[in-house]
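Below: one structure, written as structure tokens.
Throughout, read-outs are computed from the coordinates displayed, never taken from laboratory work. As the structure is a prediction and not an experimental result, all values here were calculated from the model. No Cβ is skipped: glycine too gets one built from the backbone with ideal geometry, and neighbour counts run over all protein chains shown.
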Amino acid sequence: MQTLEFILGGFQSVFQIAAFLTVVIGLLVGVIAGALPGISFVNAMAMALPFTYTMDVTHAMLFLGGIYVGGVFGGSISAIMINVPGTPASLPATWDGYAMTKKGQVKRALTIAVTASAVGGLISALMLTFLSAPFASFAMKFSQPEFFAATVLGLVSVIAIAKDKPVITMISLLIGMAIGTVGVDPLFGQARFSFGVPEIESGIRFVVVMIGLFAIGEVIDLVATDRDLRPKKTEGKAVGASFHDILGVKGAILRGSGLGCIIGIIPGAGATPGAVIAYGVEKQVNPRGAEFGTGVEGGLAAPEAAKNATTGAAMIPLLTLGIPGSAATAIMLAAMMLQGVNPGPLLFVMDPSMVYTIFAAMIIANILMIGAGVGVAQIFSFLMRTPPAILAGFIVILSLIGAYGVRNNIFDVYVCLVFGVIGWVMKRVGFPSAPLVLGVILGPLAERYFLTSVANSHQDYTVFFSRPISGSILFIAALFVLWSLWPSVRARIGRRSAAS
Amino acid sequence: MTDSYADGAPERDSQSNTSENQQGEGITARLIPVLVPALLLLASLILPGFMFHAGQRGSLPGLGPGAWPGAVLAALAVFSAIWLAIEIWGFAKSRKSASLSAPHDEDVYHYGKAIIGIVLVIAFGWLLPVLGFPLATMLFLFIWCLYGGLRNPLVMLLVPGIGTVALLWVFMGLALMPLSRGMGPFEGFTIALLQLIGIY
Amino acid sequence: MTLYHSLKTVLAGAVTAGLITPATMAQDYPQRPIQMVVAFGPGGGTDIMGRQIGKMLEAELGVSIPASNVAGASGNAGLTQMRTDPADGYTIGTLISLTVASWAAGLGDSKPEDFHVLSVVQNSPSFLFVAANSPHQTAEDLFAYAKANPGELTVATSGYGTQDDVTLKLLARDGIQMENVPFQAPGERYASPIGGHTAVLYEEPGDIAQFIEAGQLKPIVAFSAERHPAFPDVPTATELGHDISGLDNFRAIAVRAGTDPAIVEKLEAALGNVLASEEWQNFCTETYSCIEPVTGDAAQSMVTDFLQLITEQLES
């Protein structure tokens, strides 16, 4: 009952005009930054940090929370419209979302994406509000072996997604994981595969690989084919998806939200594994799973819901324990500490009204996000009316700025160009590039979770199976592989017996 | 795609959809699908030897920094070998790639135009640190518009001009990113330009 | 031909302009934004320091000083950029002890001579911390247990071959053998002892202020010559018979070596004002990292001495 009282107080604070405007501006900044492949919303948050010095801590958190929620969604706008994920977590949105765009249903895809994201974010914000305390102590049971197991689950769901070509998918994933090992290793501080070049010691960032593989290849295809991405006239005057369409994917949205909420709590996991695992699971569960990748609504809705469901969940360890699980939440922590507020168990006792204002802001931000998302998408679809040649030129420039902006290093631009050429060739010969990107993202995580787990258990390799939570996750991962490979195995056995 | 392992024939139509594929039906084109896994296998066997440039440092606790990349490359070698076996088997049986197939959702694909586009993009990236962001971008946008088939002189002037200034404002003015100013005389030019449009 | 000629004239003009400016540059400095290279990613201690210094320097110098994160290779990527940008004072950046220690481990290709250290702005000794519910609530307890059960206790650190590693090796030499468990992500490093997954945490107090204030982590021993003013009850390692000090975590602001002395002077003066201000004093108090500003040759030798110390310890 006390929670309700506090949250009502929180809503009152948010609905003051200044607070409300702060959330809205934050959302718009986030959606735009997320949608541009050139700017990551994490960078937008870092740049917004100095502006928060002048605000009080509540407004600072409203602003950053707005950017966070908006940014996680924003990446899907460019993923759906031009097949270039604005943020890594929007990668799954390119699979079915862009397929819908090619069918001329760009507005419908965007509406489903923004609705799914908002619902996922809202469920997660409600969980943050009402279940923070029990989930916080649950999160503390997680240690490095559990993180490793969760990463393995993410890796195997990549195989499940592309079950028709398991060998090629594995190879693509492993190439990505090998690329992820380039540079200074996480434990020993030693450079690997640097060939004596100092720039390579800094490693190859997944965002750079992703921009190269997706954006450059896509631009070349855009000019080399006579593709037209403009919304088809036949789509009609409607804003996009009807209420009926949304109801049709409610199962996918709820499943994605649930998975996102659970994965988001794990510090370090975050939106990308959340979205990928949700897509993999949905592909198995959904009755139209076999058609995924051709523009199926459920295949878009589930990962969209999951990635925004990680936003509220990721704030649970931040606010209750003071542990930031990602760069975005680390910036929020920094903002709070610069204001002299130390998140942790004491915060709930000492300043509950501020905590609940943040909760209320997360709830409101997710609802307002529908408006901000649709608004920014309108601007983007207006920009999409420019001739494809000009559009392509600007995508190239934004992509290279994006690669450069990852850490303001020209070397990353060269890396991006190399992967651009590789990505184009891979696309032409039909070699899947998404597993490669996920390998670059998840590989380094798996490595350091594995090595730290082993070091923390006195070189005991059984730790992954002997710990109950980690063992269970690995068991689920194994089942997941069998479950997703079974249909194709059965089909082949059936065909062989029929032939003989 | 599952079918392609057992029976390659139904895929043949979609394979020859692009014009280049039709011309490239020589023995080399058919060997490429075998060559790729072979090269991957070779790379994953050779690369572990190049892991540390200056040698590994002294005695290290635990598994050391080489264990994980070693394991990943070993797994890559195993799967490349499997892929190679599938390809050789498929090649012997039906003279076509068993597992790779080009996307066939496009009716036309201008390979020449694609190659020129790639060269332009690489040239842009290469010239960025030399000419500085503003000059390189203006030049790139101008040539890209030409390449994209635009001939209207007003558009050719306005798109690179306004586009570059807008990008400069967003990224250097608003987002405060330290984009390249170029080398030598070009740096002076960039700084003058930035001062002219009020960013510096 | 005419195009070629006019192009040549423009270029020649630009080159001459480029030659003339340095003479007048020092007096007019700064005329345009100064880039603050933060050699680590957003959200960390170095990032917050760099942004704070940048923001406060803006008021002193009258131009904007945007921070840009150039992370990678333990901070060496950012130093490479500082070293390769022109020595015109328009690129300044962070140089911290962790990066210097990484040179001893063979990373990067920077040397102390490549930089002119303007000022060491933050300095903090490291401590060992235990969780509130740890069975070892004092350093004596902890060390006695570690002596009786060598290698059983685990210590969360930032990596092998860092000053964390050196400290643990020095303790092991005195018979206190604990297992080094590197956690690359700071958040996970702090969470592990709180969750009871690791016995001890090696860290500087400024990065975990919220856990100290909430009572989740408790400092039990400081690796410094004297007790830390903020923790007068926490004994130093020296008091307990282990002479381990000089491995403090410092953060400095530097420019490329060879920058015009007049510009360096201006920057040093501005930094001096910033460090003396009340705002900065509040900031460094909150992060337990206040020092008397170290500038000039003293700052430069602080870096070289630290590098030498780490190199010796890693080789021994």
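List the aspartates and glutamates whose Cα lies under 15 Å from the Cα of C:Lys218, skipping any in the same chain that are fewer than 8 positions away.
By straight Cα distance, C:Lys218 reaches C:Glu140, C:Asp141, C:Glu203, C:Glu204, C:Asp207, C:Asp233.
Can you give the angle from 0 to 90° between the axis of helix C:139-148 and the longest principal axis of chain C, with both taken from C-alpha atoms, to the nearest 10?
So the inclination is approximately 70 degrees.
Between A:Asp56 and A:Trp486, with labels modelled 7 Å along Cα→Cβ, what's the label distance in nm to one decimal, could you check?
Inter-label distance under the simple model: 5.8 nm.
Run the simple label-point estimate for A:Phe11 and A:Met350 please: 7 Å along Cα→C-beta, distance reported in nm.
The modelled label-to-label distance comes out at 3.0 nm.
Given the pairs A:Lys102/B:Lys113; A:Lys283/B:Lys93; A:Lys427/B:Lys113; A:Lys141/A:Lys307, which are separated by over 26 angstrom at their Cα positions?
Flagged as over cut-off: A:Lys283/B:Lys93.
Which of B:Pro185, A:Ser470, A:Ala46 sits closest to the plus end of the dipole of the protein assembly as shown, meaning its Cα is farthest towards the positive end, when Lys and Arg get +1 and Asp and Glu get -1 on the C-beta?
Sorting the options by dipole projection puts first A:Ser470.
Give the range of the longest stretch in chain C that excludes all GluC sites (Glu not before Pro) found in loop regions by DSSP and having at most 15 other beta-carbon atoms within 10 Å.
Segment C:1-151 is the longest.
Dipole size in debye (nearest 20) for segment C:127-222 around its Cα centre, Lys and Arg Cβ +1, Asp and Glu Cβ -1?
Around 140 debye, computed over segment C:127-222.
What's the FRET efficiency of B:Leu42 with B:Leu174 using the Cβ-Cβ distance as r and R₀ = 45 Å, to the nearest 0.05?
0.40
Between A:Arg192 and residues 5 or more places away or on another chain, which pairs have amide H atoms under 5 Å apart, with H built 1.01 Å from N, and which residues are they?
Those lying under 5 Å, H to H, from A:Arg192 are A:Gly183, A:Val184, A:Asp185.
Expected output is a single nm value to one decimal: the length gained when fully extending between B:Ile115 and B:Ala92, i.e. 0.36 nm times separation in residues minus the C-alpha distance. What is it?
Full extension of this stretch gives 5.0 nm more.
Between C:Gln308 and A:Phe195, what FRET efficiency comes out of the Förster formula 1/(1 + (r/R0)^6) with R0 = 41 Å and r the beta carbon distance, rounded to 0.05?
For A:Phe195 and C:Gln308, the calculated efficiency is 0.90.
Just how large is the dipole of chain C about the Cα centre, in debye to the nearest 20, putting +1 at every Lys and Arg Cβ and -1 at every Asp and Glu Cβ?
In total the dipole reaches around 900 debye.
Whole-Hz ³J(HN,Hα) for each residue in segment C:105-111, computed from phi via Karplus 6.51 cos²θ - 1.76 cosθ + 1.60 with θ = phi - 60°, x for glycine and proline: what do you get?
8, x, 8, x, 10, 8, 10
If we count other beta carbons within 10 Å of each Cβ, what is the order of A:Ser76, A:Ser488, A:Ser124, fewest first?
A:Ser488, A:Ser124, A:Ser76
For C:Gly93, which sequence-distant residues (separation of 5 or more, or a different chain) have an amide H within less than 5 Å of its own amide H, given hydrogens modelled in the peptide plane?
C:Val37, C:Ala254
Once phi is turned into ³J(HN,Hα) by the Karplus curve 6.51 cos²θ - 1.76 cosθ + 1.60 with θ = phi - 60°, what whole-Hz value does each residue of segment A:115-129 show in order, with x for glycine and proline?
Karplus values, whole Hz, x for Gly and Pro: 5, 4, 4, 5, 5, x, x, 5, 4, 5, 5, 5, 5, 4, 5.
For C:Gly246, what residues show an amide H to amide H distance below 5 Å, using hydrogens built from the backbone and excluding near sequence neighbours?
C:Ala225
Would you mind ranking A:Met384, C:Met82 so that the residue whose beta carbon has the fewest other beta carbons within 10 Å leads the list?
Least to most surrounded, the residues fall as A:Met384, C:Met82.
Once you place label points 7 Å from the Cα toward the Cβ at C:Arg227 and B:Phe50, how far apart are they in nm?
The modelled label-to-label distance comes out at 5.8 nm.
Name the residue farthest towards the positive end of the dipole of the protein assembly as shown from the options A:Ile395, A:Tyr461, C:Val120, assuming +1 on Cβ of Lys and Arg, -1 on Cβ of Asp and Glu, about the Cα centre.
It is A:Ile395.
Which one, C:Gln81, C:Asn133, C:Ala299, projects farthest toward the positive side of the charge dipole computed for chain C from Cβ point charges (K/R +1, D/E -1)?
C:Gln81
If I measure Cβ to Cβ between cysteines in the protein assembly as shown, which ones have no partner under 4.7 Å?
By the Cβ distance rule, which asks for a partner under 4.7 Å, the isolated cysteines are A:Cys261, A:Cys416, B:Cys145.
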